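What follows is a set of notes on a single structure, which appears directly below.
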Amino acid sequence: GGNPKGCPIGAPAKEGVDCPGGGFSYGPYAEKFNFSDVQVTEWRAGEVVEAAWGVIANHGGGYSYRLCKVPEEGVSALTEECFQSTPLDFYGDKQWVQYGEDSSTRIQFTANRTR
């Protein structure tokens, strides 16, 4: 584990490397970040929607989407166990790669599902 700079999980620094906060990404843990003025989208359970994510470098790995309801105690009370227990199922057997914001570059291929 750790982030792309090679920083150990939770470590503030590594000799010769400027670690940007530890964890799995650049910056603070999401549960400790104050999300202000967040745009919210509401979906009905069972609804099929298109979702996307972006990457600048070759990710080369898999991904999943997971949702957890924010507890009464707030975002800081969310747990990894909740997210591990709530993966969303993908719809269909196709997925796409798209270069930039131009949807005409979208290329469809057969999805490789792991569950």
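Worth pointing out:
- Ligands, DNA and RNA excluded, the heavy atoms of residue 104 present near 90 Å² of accessible surface to a 1.4 Å solvent probe.
- By accessible area with a 1.4 Å probe, ligands and nucleic acids excluded, highest first: order of 90, 83: 90, 83
- Rounded to 0.05, the FRET efficiency of the residue 56 and residue 113 pair, given R0 = 22 Å and the Cβ-Cβ distance, is 0.30.
- Using a Förster distance of 30 Å, the FRET efficiency for residue 106-residue 41 (Cβ separation, nearest 0.05): 0.90
- Extension gain (nm, one decimal) between residue 84 and residue 67, 0.36 nm per residue minus Cα-Cα: 5.2 nm
The values are calculated or read from the model by the stated rules, or taken from the named source; none is laboratory data. Everything numeric here is computed off the predicted structure, so don't read it as measured data. Every residue, glycine among them, receives a Cβ derived from its backbone with ideal geometry; neighbour counts consider all protein chains shown. Heads up: the accessible areas ignore ligands, DNA and RNA and are worked out on the full protein's heavy atoms, side chains in. Shrake-Rupley method; radii C 1.70, N 1.55, O 1.52, S 1.80 Å.
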